[in-house]
Amino acid sequence: SSVYDGLSELMDSDNPQCALLKGVTGSGKTTVFLKLINKAVEQGKTAIMLVPEISLTPQMVRNFTDLFGSLVAVIHSNLSLGQRMDEYKRIEKGDAKIVIGTRSAVFAPLDNIGIIVIDEEGEHTYKSEKSPRYHARSIAKQRCFYHNALLLLASATPSLESAYFASCGRYKLFEMKKRY
């Protein structure tokens, strides 16, 4: 699709890039995410896919593991400390190239990041109210800057900040208006 082509081009620029993908539910956003993440992996890079607490369903995870198998690590708040350590070790060893999870997954010890996707980026669950206070979007931005990666913010209802940056051209705007 033209959306994929445009985002793929941004990934190839070797500069940090930020894009906003506005798309209604069912418009095929997930397919675009999977293709871009696949591209990163084929380039020998890694990827992070952040989803709000409520969206991290077994179905969502299965979308990724069906395609990428054991290259996927899953990080969320319901993991025990031991489970989290196991996933972190797999990531650090380079066995897992793709991290999918809720906001804390943004800290995953990945090297050579190619893309970070934040789905439903307007959701308040990306903001940690507990200490240390952080916003997953800010951390993701810094990591993409450091790795010359693409930060892809996706939502049917973007945050005010992202909508503003897209309107004045600081973020590239892509839209998927039709249901898939």
What are the residue pairs meeting all of these: first residue in segment 119-130, first residue at positive phi, second residue part of a helix (DSSP H, G or I), Cβ atoms under 9 Å, and 6 or more apart or on different chains? E120/I54; E120/S55; E120/Y126
Could you tell me which of the residues V106, V99, V51, V41 is β-branched (V, I, T), surrounded by fewer than 21 Cβ atoms within 10 Å (Cβ to Cβ) and within 19 Å of R143 (Cα to Cα)? V41
Output the number of residues of segment 5-18 satisfying the condition of being part of a helix (DSSP H, G or I) and open to solvent by less than 40 Å² (accessible area, probe 1.4 Å). 5
Suppose we filter K97, K130 for residues that are of a type outside the set (F, W, Y) and farther than 19 Å from C144 by Cβ; which single one remains? K130
Just for strands (runs of 3 or more DSSP E) wholly inside segment 27-119: which have at least 1 residues that are touching a Gly at 6+ places or on another chain (Cβ under 8 Å) and not aliphatic (A, V, I, L, M)? 46-50
Quick one: count up the residues across segment 120-160 that are part of a loop (DSSP other than H, G, I, E, B), over 25 Å from D95 (Cβ atoms) and not small (G, A, S). 9
Just give me the residues in segment 87-117 being of a type in the set (V, I, T) and at pLDDT below 95, in sequence order. T102
Go through segment 157-180 and count every residue that is hydrophobic (A, V, I, L, M, F, W, C) and in contact with a helix residue (DSSP H, G or I) (Cβ under 9 Å, 6 or more places away or on another chain). 3
Residue list for segment 109-130, restricted to those being surrounded by 16 or more Cβ atoms within 10 Å (Cβ to Cβ) and touching a strand residue (DSSP E or B) at 6+ places or on another chain (Cβ under 7 Å): L110, I113, G114, I115, I116, V117, I118, D119, E120, E121, G122, Y126
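The values are calculated or read from the model by the stated rules, or taken from the named source; none is laboratory data. Only a predicted model underlies this, so the values are computations on that prediction, with no experimental measurement involved. So basically every Cβ, Gly included, is an ideal-geometry build from the backbone, and we count neighbours across all protein chains shown. Surface areas here come from the heavy atoms of the whole protein model, side chains and all, with no ligands, DNA or RNA. Shrake-Rupley method; radii C 1.70, N 1.55, O 1.52, S 1.80 Å.
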